[in-house]
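We did not get these values from a lab; they are worked out from the coordinates using the rules stated. A quick note: this is a predicted structure, and the numbers were derived from the prediction, not measured. Virtual Cβ from ideal backbone geometry, glycine too; neighbours counted across all protein chains shown.
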Amino acid sequence: MCDIDDLRALLDGRTWVCLTGAGVSTDSGIPDYRGPSAPPANPMLYSEFVGDVENQRRYWARSMQGWRSFGQAQPNAGHRALAHLGVGVLTQNVDGLHEAAGSRGVLALHGRIDRVICLTCGDLSGRARLQRRLEEANPEVAGTIPAGTAELRPDGDAEVDRWHDFVVGGCERCGGVLKPDVVFFGESVPRQRVADAYALVDSAEVLVVAGSSLTVMSGLRFARHVKKQGRPLAIINRGPTRGDELADVRVEGGTSETLCALVPSPAA
């Protein structure tokens with residue numbers, strides 16, 4: 001196992017891009033699906049959402065309550081460290097916290113939870129606006145699901161019991177079905193976005209993976225890509241990852257403290 005000095009040595013004099021996962025946002029109160037202490041979760045699949053209006057009703061009923069806490073999350077020290085370092089960020093997260101921290105040119109591989117897309121006409125709108133519409137249409141649905149609990153999930157979805165009578169508003173432009181502008185489990189990342197992600201990874205000499213178990217291929221493929229090209233790979237994570245055997249440097253630890261340790265001190 002390596003430490004922060006090994007990571008500094010690997011990055012010294014080299015450009016790098018950071019691929020971030022859910023572990024980067026846990027210090028902001030957003031739970032991780034796959035971390036060592038992650039609560040059991042069974043997120044809705046894309047096919048379930050698009051194939052059944054009742055599933056859409058259930059999803060938005062859960063999301064309305066989950067958003068009351070999820071939508072209040074703020075960037076943590078790890079997000080701010082990456083923004084300060086000015087490195088490119090390819091994130092598997094949908095929470096928008098890298099952008100809120102000041103990182104520029106962030107590529108959100110799985111989309112953004114603060115946007116909503118119409119499956120009929122493709123119109124994009126703000127999630128906060130939809131939240132107001134949902135609240136107005138369902139005034140009897142009270143309660144807030146706190147961030148970090150088993151009921152709140154990394155995509156703002158949450159477990160609730162009352163949903164059968166929930167009123168879901170359609171697209172304000174065409175009346176079509178609304179879906180969060182995120183890639184659901186079982187849904188493919190758009191091809192152009194994948195191409196842009198490879199271009200971002202290829203723009204730097206080193207790929208640093210932070211807070212991702214690399215369990216799904218959408219993240220692991222970039223780790224395999226840089227190693228196939230003979231470029232260095234570093235991984236920062238609590239717990240094992242699927243890419244550990246590929247890593248030149250593997251730091252077992254929290255992402256916030258590790259990334260903050262890479263920020264030069266004022267006297268440096």
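Check W16: other-chain or 5+ apart residues with amide H under 5 Å from its amide H, H built from backbone geometry?
E205, V206
Using the Kirkwood formula over every pair of different C-alpha atoms, what hydrodynamic radius in Å results for the range 170-264? Can you show the working numbers first?
On the way: mean 1/r = 0.0651 Å⁻¹.
The answer is 15.4 Å.
Label M217 and V177 with points 7 Å out from Cα along Cα→Cβ: what is the distance between them in nm?
Reported label-point gap for M217 and V177 is 2.4 nm.
Can you say what percent of the DSSP beta bridges in the chain, counting only those with both residues inside, are antiparallel? Round to 5.
On the way: 8 of 29 bridges.
Percentage antiparallel, nearest 5: 30.
Looking only at the range 185-222, which residues have a backbone nitrogen under 15 Å from a spot 7 Å from the Cα of L119 in the C-beta direction?
Residues 185-188 qualify, since their backbone N sits under 15 Å from the label point.
Hey, rough spin-label estimate for A195 and Q72, points 7 angstrom out along Cα→Cβ, what's it come to in nanometres?
Here the modelled spin labels are 4.3 nm apart.
Which far-off residues, 5 or more places away or on another chain, put their amide H under 5 Å from the one on C2, with H placed in the peptide plane?
Under 5 Å from the amide H of C2 lie the amide H atoms of R250, E252, each far enough along the sequence or on another chain.
Given labels modelled 7 Å from the Cα in the Cβ direction, how far is it in nm from D3 to S203?
3.4
How do the peptides 70-76, 46-52 rank, highest first, by the average count of neighbouring beta carbon atoms within 10 Å per residue? Don't skip to the answer; put the middle values down first.
Values: 70-76: 18.1, 46-52: 15.0.
The densest-packed peptide leads the list: 70-76, 46-52.
Once you treat every alpha carbon in the range 172-226 as an equal point and sum by Debye, what is log10 I(q)/I(0) at q = 0.19 Å⁻¹?
The Debye formula, applied to the Cα set alone, gives -0.79.
Build a GNM of the chain with springs between Cα atoms under 10 Å: which of Q65, Q229, Q131 gets the top mean-square fluctuation?
Comparing Q65, Q229, Q131 in a Gaussian network model of the chain, the most mobile one is Q229.
For a quick size check, give me the Cα extents of the chain along its three principal axes, largest first, whole Å.
Principal axes ranked by extent give 58, 34, 32 Å for the Cα atoms.
Lys and Arg at +1, Asp and Glu at -1: add these up for the other residues within a Cβ distance under 12 Å of L11 and post the number.
Values: positive: R8, R14; negative: D5, D6, D12, E205, D248.
Neighbourhood net charge equals -3.
For every other residue with a beta carbon closer than 15 angstrom to the beta carbon of S125, add +1 if it is Lys or Arg and -1 if Asp or Glu, then tell me the sum. Before the final figure, lay out the partial values.
On the way: positive: R112, R115, R127, R129, R132, R133, R173, K179; negative: D114, D123, E172, D181.
Around S125, the surrounding residues sum to +4.
Connecting C-alpha atoms closer than 10 Å in a GNM of the chain, tell me which of I235, I30, I117 has the biggest fluctuation.
Of the options given, I117 has the highest mean-square fluctuation.
Sort 55-62, 179-186 for me by packing, meaning the mean count of neighbouring Cβ atoms within 10 Å per residue, highest on top. Before the final figure, lay out each step's value.
Working: 55-62: 20.9, 179-186: 18.9.
For the peptides 55-62, 179-186, the packing ranking is 55-62, 179-186.
Assuming R0 = 45 Å, what is the FRET efficiency of A142 and E257, from their Cβ-Cβ distance, to the nearest 0.05?
The computed FRET efficiency comes out at 0.75.
Taking the Cβ of D181 as the center, what net charge do the other residues with Cβ under 9 Å away carry, scoring Lys and Arg +1 and Asp and Glu -1?
On the way: positive: R112, R115, R127, K179; negative: D114.
Cβ neighbours under 9 Å give a net charge of +3.
Where does the range 52-138 land on Rg(C-alpha)/(2.2 N^0.38 Å)?
On the way: Rg = 15.0 Å, N = 87, 2.2 N^0.38 = 12.0 Å.
Normalised Rg, Cα atoms only: 1.25.
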